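The values are calculated or read from the model by the stated rules, or taken from the named source; none is laboratory data. Model, not experiment: these values are computed from the prediction. Heads up, the Cβs are rebuilt from the backbone with ideal geometry, glycines too, and the neighbour counts pull from every protein chain shown. Heavy atoms of the whole protein, side chains included, go into the accessibility calculation; ligands, DNA and RNA do not. Shrake-Rupley method; radii C 1.70, N 1.55, O 1.52, S 1.80 Å.
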Number of protein chains: 4
Amino acid sequence: MSTETEKVIADLIAFRDQRQWQDFHTLTNLSRALGLEASEVEKIFLWKENDQALTQQDKTELKFELADVLTYAYYMCEKLKVDPNEIVEAKLAQNKKRHWQFEQKRGTK
Amino acid sequence: MSTETEKVIADLIAFRDQRQWQDFHTLTNLSRALGLEASEVEKIFLWKENDQALTQQDKTELKFELADVLTYAYYMCEKLKVDPNEIVEAKLAQNKKRHWQFEQKRGTK
Amino acid sequence: MSTETEKVIADLIAFRDQRQWQDFHTLTNLSRALGLEASEVEKIFLWKENDQALTQQDKTELKFELADVLTYAYYMCEKLKVDPNEIVEAKLAQNKKRHWQFEQKRGTK
Amino acid sequence: MSTETEKVIADLIAFRDQRQWQDFHTLTNLSRALGLEASEVEKIFLWKENDQALTQQDKTELKFELADVLTYAYYMCEKLKVDPNEIVEAKLAQNKKRHWQFEQKRGTK
């Protein structure tokens, strides 16, 4: 894991432990929190037609909501003892093999 | 940004560009994909009581679904020109100031 | 459609039209609102272990958030010109035929 | 409750009980299922620009996914002993009083 990601995750764990939230941070509960934070990201786009409708304030808010999604994804990675970047690369490798099926599906739309 | 995160994001962008998916990757569309992948994470926990109900297969699947969430979060970070780890640290710094309000709320439960 | 459901949907449409929100109520936008309201339902359960952790206040809030989910589902049904109860019965009929596959899957868990 | 809604809910409860799924149908679990089905609705819109991109097949699929959302909302209403149409009307009455605040917010955009 990169030193930077290690530090971020260590900071997140310290924050959790200082407040004694470990018992709440089961994968079951964290998955729900992750879904909720993803909704907070989606909320910014509600009733908007496209990206051009986003204000600077929306984009600032979006960065903080994305941070929340990443935060819970990192907490879950830590519990599963995986490196976020490693699993992204692993999934990408898998997608590169599957990709031709998706292109076919898109071609027929 | 850490060299590792830079590389991962560069790989994701290359994957997108090779398939000419740039036009689909608006923040509006990416936010919806992010929400859907977060649901794929939640789906693993459906009808399960707690973490002990997770099988090894569930955990493996969970890593790949988390990778999808991270992937779309990274795509959105790239469009917003932010470093994933930086925004997590920025949100954490904000949470450290707000934390006392949350502790009060938890105390009265 | 039952007279009661017809009335509810008519009231919802009147509310929308009085505020001239028709243009916002595309199926695309409504689907996002539906997802967000479902998240508001899930939010009530965040960090809670089970139903016994729900307070009376939680249950009252839950009824109103469920109402929001039903509201957007009704708006989408109205646009698709379908009766909510009819599509539920149609899906149930489909599920009754598929059910044996699900039972098999559950049996091997 | 309308006789029609009563019948639909009775059918859903019979389906659940015949398969002995009552123990799985806690509000906690049902809320997660509700969120997942709402995501299945959103999935139909992924990568699409607007309603015009929906095919007839998409709309048929949409009706069945909406039915799943309504199904879980009905299951939760049954557990909370509320009538779906009544809570929608109650929330609408509440929204009619709040509406002027929302119009103000929209006016300043």
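How big is the Cα convex hull of segment C:3-95 in projection, averaged over all directions, in nm²?
7.9 nm²
Filter the GluC sites (Glu not before Pro) in segment A:1-52 down to the DSSP loop ones having no more than 15 other Cβ atoms within 10 Å, then list what survives.
Sites meeting the loop and neighbour criteria: A:E49.
Would you mind checking the tilt of helix B:84-107 against the longest principal axis of the Cα atoms of chain B, expressed as 0 to 90 degrees and rounded to 10?
Once rounded, one gets 20 degrees.
Count the lysine pairs in segment B:3-95 whose Cα atoms sit under 20 Å apart, keeping only pairs 8 or more residues apart in sequence or on different chains.
9
What is the extension gain from B:A14 to B:K97, computed as 0.36 nm multiplied by their sequence separation minus the C-alpha to C-alpha distance, in nm to one decimal?
Result for the pair: 26.0 nm of gain on full extension.
Between C:A14, C:A53, C:A73, which gets the highest mean-square fluctuation from a Gaussian network model of chain C, Cα cutoff 10 Å?
Among C:A14, C:A53, C:A73, the largest mean-square fluctuation in the Gaussian network model of chain C belongs to C:A53.
What are the nm distances, shortest first, from C:Q94 to its equivalents in the other copies, labels at 7 Å along Cα→Cβ?
2.7, 3.2, 4.0
Please give the direction-averaged projected area of the C-alpha convex hull for the protein assembly as shown, in square nanometres with one decimal.
Average of the hull's projected areas for the protein assembly as shown equals 21.4 nm².
Please report, for B:F15, the nm distances (one decimal) from its label point, 7 Å out from Cα along the beta-carbon direction, to the equivalent points in the remaining copies, shortest first.
Sorted ascending, the copy-to-copy spacings read 2.6, 3.6, 4.2 nm.
What is the spin-label model distance, in nm, from A:E86 to D:K81 if the labels are put 7 Å beyond Cα along the C-beta direction?
5.3 nm
Compute the label-point distances linking A:L80 to its equivalents in the other copies; points lie 7 Å from Cα along Cα→Cβ; give nm, one decimal, shortest first.
Computed spacing set for this position: 2.2, 3.1, 3.2 nm.
Identify the chymotrypsin sites (Phe, Trp or Tyr not before Pro) of segment A:1-97 meeting these criteria: DSSP loop state and at most 10 other C-beta atoms within 10 Å of the C-beta.
When the chymotrypsin sites (Phe, Trp or Tyr not before Pro) of segment A:1-97 are filtered for loop state and at most 10 Cβ neighbours within 10 Å, nothing remains.
With every protein chain left in place, what is the accessible area per residue of segment C:1-58 in square angstrom, probe 1.4 Å?
Result: 45 Å² per residue.
Relative to the longest principal axis of chain C, what angle (0 to 90°, nearest 10) does the C-alpha long axis of helix C:56-80 take?
Result, in degrees: 60.
Calculate how steeply helix B:27-43 sits against the longest principal axis of the alpha-carbon atoms of chain B, using the helix alpha-carbon long axis, and give the answer as 0 to 90 degrees to the nearest 10.
50 degrees
Report, in deg cm²/dmol and to the nearest 500, the calculated mean residue ellipticity at 222 nm for chain A, where each DSSP H run with n ≥ 4 adds -39500 (n - 2.57) and the sum is divided by the residue count.
-26500 deg cm²/dmol
Using θ = phi - 60° and the Karplus form 6.51 cos²θ - 1.76 cosθ + 1.60, what ³J(HN,Hα) does each residue of segment B:2-16 get, whole Hz, x for Gly and Pro?
Along segment B:2-16, the couplings run 5, 4, 5, 5, 4, 5, 4, 5, 4, 4, 5, 5, 4, 4, 4 Hz.
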